[in-house]
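The values are calculated or read from the model by the stated rules, or taken from the named source; none is laboratory data. Everything numeric in this text was worked out from a predicted model, so none of it was measured. Cβ sites come from the backbone with ideal geometry, for glycine too, and all protein chains shown count toward neighbours.
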């Protein structure tokens, strides 16, 4: 009986292991494109390729994709990616592992370099990046704009929600920050860095004379998103499926998740993972570990690589099922 039980358990474990592992369908290619806009910017496009990957160095980051490799045959769904960073700046290269994984799974990933661009301008950058990718002759025959999803990390989560139809409320944010001074990540490192105040007009782009763009997004994945910028009435238009990852020890106030769980018309599928806010970003290069310990160092017992391996599989399957 024990032998039978052991065999049965082994079979279950093997089945789960096989289900967890996603076969590599492609290799990852990457291209850097300059985008013309009121405030010009660059973007990365990660995409499926057949060529073996040749990693390369971008500053301190080793990028796991081949530059300017030929895109694989076929049409592929598009995933837009907005990184975090707020007023301190940021780069999509902190999510390079996730972007490369999704490219290997058959997605085209479009990720602008927001840098220190203020929050109100970032949705316009995403829209311009999408249009530039689709217009590029390398990608135009392969990009299926009818299968469009988006990912956002931290402040990028708020950008994602805006593009999906959410309306930000800076008065609500200011009131939240007044009663939650401990949430430094939301209020001092948020869109304005001014206790939730709206970004000053002189810091805004001329693009803002246009209405906030809306994109026909069919599914969203949010990585510890900045959610307290939105009240329930500002979320009514966000009616597509949402996948949300929340680190259990995040420095971003828990209300950022609660606001979306309670406010979205269709409650998000929430997954809690161990670690702090930045456990969702790639393992830091050695050169950055001493410069940015708050980003690079995890609490004892936290395996960042394992956390990311889990979310990569879940995100790929989520979008595969919905796009």
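Which of the residues belonging to the range 27-68 are closer than 14 Å to residue 109 by Cβ and more than 21 Å from the chain's Cα centre (by Cα)?
49
Just one of 290, 269, 249, 232 is surrounded by fewer than 14 Cβ atoms within 10 Å (Cβ to Cβ) and in contact with a helix residue (DSSP H, G or I) (Cβ under 6 Å, 6 or more places away or on another chain); which is it?
232
Got a sec? Which strands (runs of 3 or more DSSP E) wholly within the range 40-120 have at least 1 residues that are within 19 Å of residue 137 (Cα to Cα), at pLDDT 95 or above and in contact with a helix residue (DSSP H, G or I) (Cβ under 6 Å, 6 or more places away or on another chain)?
The qualifying strands (runs of 3 or more DSSP E) are 41-49, 76-82, 108-112.
Sort through 157, 152 and tell me the only one that's in a strand (DSSP E or B), buried (at least 24 other Cβ atoms within 10 Å of the Cβ) and at pLDDT 95 or above.
Just one listed residue meets the conditions, 152.
In the range 160-169, which residues are farther than 21 Å from residue 129 by Cα and either surrounded by fewer than 17 Cβ atoms within 10 Å (Cβ to Cβ) or in contact with a strand residue (DSSP E or B) (Cβ under 6 Å, 6 or more places away or on another chain) (or both)?
Selection gives 167 alone.
Residues to consider are 222, 260; find the one that is surrounded by 17 or more Cβ atoms within 10 Å (Cβ to Cβ), part of a strand (DSSP E or B) and touching a strand residue (DSSP E or B) at 6+ places or on another chain (Cβ under 9 Å).
Exactly one of 222, 260 is surrounded by 17 or more Cβ atoms within 10 Å (Cβ to Cβ), part of a strand (DSSP E or B) and touching a strand residue (DSSP E or B) at 6+ places or on another chain (Cβ under 9 Å), namely 222.
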